[in-house]
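Scroll down for the structure; my scribbles are underneath it.
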Protein chains: 2
Amino acid sequence: MKNYKLKIDYDGTRYYGWEHQPDRDTIQGKLETVLARMTDVPASGIALIGAGRTDAGVHARGMVASVFLETPLSCGEIRDYMNRYLPDDIAVTEVKEASERFHARYKAVGKIYRYTCFDGPVKPVFDRRYYTPLPQEADVEKMREAAAFLIGEHDFKSFCGNSHMKKSTVRRLDEIVIERRRGYLYLTFHGSGFLQNMVRIMTGTLLEVGMGRMEPERVGVILAARDRKLAGPTAPAKGLCLRKVEY
Amino acid sequence: MKNYKLKIDYDGTRYYGWEHQPDRDTIQGKLETVLARMTDVPASGIALIGAGRTDAGVHARGMVASVFLETPLSCGEIRDYMNRYLPDDIAVTEVKEASERFHARYKAVGKIYRYTCFDGPVKPVFDRRYYTPLPQEADVEKMREAAAFLIGEHDFKSFCGNSHMKKSTVRRLDEIVIERRRGYLYLTFHGSGFLQNMVRIMTGTLLEVGMGRMEPERVGVILAARDRKLAGPTAPAKGLCLRKVEY
């Protein structure tokens, strides 16, 4: 058995998220089914570990996963075999041998997520599955002011979608970059790790500020309150994409 | 009544082409329905003229159409009204007043179509509806040699999908540019006008050359023969996009 590191792109539109579920299409489920076929073991014999568990409808460009496999195939052959049998909205872009101690989730030290909105006059047609349209132009300066309150190590309980979370809700957020280009508004989050729905709730809250419905300072109050009810809505899944996992 | 010139983008994936048909979703049908609603006339009272009639599944970025309308709305208001009621795979990017003599089809003097293939190692996930994957790497040099036979004014009967075509099948093809970028292969056709399926049949034939199944010189023979049966297959619709209409 060797340990392999996989890089994966996917369009999450038609999936119930990363994590396998019985009788539902998930990214992990599709990948494990193909790996089981490739190595001739039952699907239950494959333990593919993802760097994170993206929600239903969320996309990834550069998800990382690790898996122990017994196979005579080279890394390139594994990649090509998988792409031949995967649906066309999932692609394995890279396969590498990794050390036995490599673990896609536990060894990750940072992640970059990007949320894409559009607030220009005419909504683009061709990438409509990958951005969230806004009802009016966002005030980027105010959003940046608000985002500054979130940078650093904090208890992000107010931005956690799982109300039964028993483990620590403390995370370190290194940077939020908010940029506008050709009508698109990109919110890029770089941090040590993210709680369930955390990026989407932060985005939903920053958009409240951008739409003029909330003052930037309010975001500091929400953070301190450790209460999900005070934060903004969870922004739609389709605008979110996992862009990088750091080790 | 004023004459308006519209620019339109659409993802043709789920449409039966440009031209309206009873009981089927078409681009022209969708646009006319919204224009009828906007001007409060029956849909049969709207005559939207497209620069060309794209096939089922073919896309456009910059289709041009003209239409006479009686409306108090400004050009910007027409655009915004249409985009509010159109499905999200069709967008009106520009509306301008045009002279009474402007006719989107008859006044067009040139068109640019682009066909997109992919022959790199890993098929991209996010734009999978807009390219045709190739089974092996294409020989671009041989494709360029073959394409040279098609440049100029010729009878393109061999590349016409309509076997009952009664009108002239003579067209002028100004340029075919074949480029490779990051695994994508782009075939850009610039000409005076194109016959039904002409770009897709030329592409299918050039790909036969690119895949090593046909010699470049053969394309000259096919052109001279004026026989559709000798040319290559009609390349799939999804790789084709109308990119520009010139007046």
query: What number of residues in the range A:149-169 are within 24 Å of A:Ala56 (Cα to Cα) and either aromatic (Phe, Trp, Tyr) or touching a Phe, Trp or Tyr at 6+ places or on another chain (Cβ under 8 Å) (or both)?
result: 3
field: Long-range neighbours under 6 Å by Cβ, at least six apart or interchain, first residue facing chain A (nearest Cβ under 7 Å) within the range B:109-128, second part of a loop (DSSP other than H, G, I, E, B) and open to solvent by 30 Å² or more (accessible area, probe 1.4 Å)
entry: B:Arg128/A:Asp88
A:Asn3, sole failed condition from (1) touching an Asp or Glu at 6+ places or on another chain (Cβ under 8 Å); (2) closer than 30 Å to A:Thr116 by Cβ; (3) outside any helix (DSSP H, G or I): (2)
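This table checks each residue for (1) farther than 30 Å from A:Ala60 by Cα; (2) surrounded by 20 or more Cβ atoms within 10 Å (Cβ to Cβ); (3) at pLDDT below 95.
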position: B:Arg172; (1), (2), (3): yes, no, no
position: B:Ile176; (1), (2), (3): yes, yes, no
position: B:Glu179; (1), (2), (3): no, no, no
position: B:Phe189; (1), (2), (3): yes, yes, no
position: B:Ser192; (1), (2), (3): yes, no, yes
task: Return yes or no: is A:Thr188 more than 23 Å from A:Ser168 (Cβ to Cβ) and under 15 Å from the mean Cα position of the chain (by Cα)?
output: yes
task: Please work out if A:His164 is outside the structural domain of A:Gly12 (by TED's automatic domain parsing) and in a strand (DSSP E or B).
output: no
- line: Of (1) assigned to a helix (DSSP H, G or I); (2) at pLDDT below 95, B:Thr33 fails just (2)
query: From the set of residues in the range B:1-19 that are surrounded by fewer than 19 Cβ atoms within 10 Å (Cβ to Cβ) and under 13 Å from B:Ala65 (Cβ atoms), which is farthest from the other protein chains (Cβ to nearest Cβ)?
result: B:Asn3
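Could you tell me how many of the residues in the range B:136-165 are polar (S, T, N, Q) and crowded, with 18+ Cβ neighbours inside 10 Å?
First pass over the range B:136-165, keeping only residues polar (S, T, N, Q): B:136, B:158, B:162-163.
Now drop any that are not crowded, with 18+ Cβ neighbours inside 10 Å, which leaves B:158.
Total meeting the criteria: 1.
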query: Within the range A:70-80, which residues are open to solvent by 40 Å² or more (accessible area, probe 1.4 Å) and outside any loop (DSSP other than H, G, I, E, B)?
result: A:Glu77, A:Arg79, A:Asp80
message: Need pairs with beta-carbon distance below 7 Å; first residue touching a residue at least 60 places away in the same chain (Cβ under 8 Å) and within the range B:161-174, second open to solvent by 60 Å² or more (accessible area, probe 1.4 Å); sequence gap 6+ or separate chains.
response: B:Gly161/B:Gln196; B:Ser163/B:Arg228
query: Considering the range B:167-183 alone, what residues qualify as being assigned to a strand (DSSP E or B) and within 20 Å of the chain's Cα centre (by Cα)?
result: B:Val170, B:Arg171, B:Arg172, B:Leu173, B:Asp174, B:Glu175, B:Ile176, B:Val177, B:Ile178, B:Glu179
- request: Please specify each residue of the range A:81-107 satisfying the condition of being part of a loop (DSSP other than H, G, I, E, B), open to solvent by 20 Å² or more (accessible area, probe 1.4 Å) and more than 14 Å from every other protein chain (Cβ to nearest Cβ).
  value: A:Ser99, A:Glu100, A:Arg101, A:Phe102, A:His103, A:Arg105, A:Tyr106, A:Lys107
field: Residue satisfying all of: in the range A:20-62; farther than 22 Å from A:Asn197 by Cα and among the hydroxyl-bearing types (Ser, Thr, Tyr); least open to solvent (accessible area, probe 1.4 Å) among these
entry: A:Thr39
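The values are calculated or read from the model by the stated rules, or taken from the named source; none is laboratory data. Remember, it's a predicted structure, so these values are computed and weren't measured experimentally. When we count neighbours, we look across all protein chains shown, and the Cβ atoms used for this are built from the backbone with ideal geometry, even at glycine. In case anyone asks, the SASA skips ligands and DNA or RNA and just uses the protein heavy atoms, side chains included. Shrake-Rupley method; radii C 1.70, N 1.55, O 1.52, S 1.80 Å.
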